[in-house]
Amino acid sequence: MAEITIYQKPSCTTCKEVFQILKEANVDFDSVDYFVDPIPKTKLQELIQKLGVRVEDLIRKKDQLYEDLRLGEKQLTEGQWLDLLAIYPDLLQRPIVEKGDQAILARPARKIKEFLVPPTPADIPASGATETPSANR
């Protein structure tokens, strides 16, 4: 099993871009077409936790289906949103890329490049007390 998994719709332009970036980076990854292989509710909940967002944040609010179902007029619970995503996968923002205990919504596609590169020591703030210049008297 690969360390990275991309949850995507293969015909989606952004998904194609992320897929290509992963291939060009020679990254071993699994690809899940969630229109063919639906994401189970438990996995969706796990991804939402890893993303650090609410389920509503993953809903494609500009999608025609969102308008047709008049979802903007409804107050739904997390469980109801998850049920809707299981029935209507087009409502899910994509692509979602999972790596270990982290996940990102790779929109725009270039976000995947930052996700692939581990932070360098210079990017990590030093722990402990900060230096303060001594006062001259």
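A short reminder: the numbers here are calculations on the coordinates, not readings from a lab. On a predicted model such as this, the values are computed, not experimentally measured, just so you know. Every residue, glycine among them, receives a Cβ derived from its backbone with ideal geometry; neighbour counts consider all protein chains shown.
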- Within 10 Å, count the other beta carbons around each residue, average over each peptide in 74-81, 110-117, and list them highest first. 110-117, 74-81
- Note on the structure: Under the Karplus relation with 6.51, -1.76 and 1.60 and θ = phi - 60°, whole-Hz ³J(HN,Hα) for region 59-76, x at Gly and Pro, equal 8, 7, 6, 8, 6, 4, 4, 4, 5, 4, 7, 6, 5, x, 9, 10, 9, 10
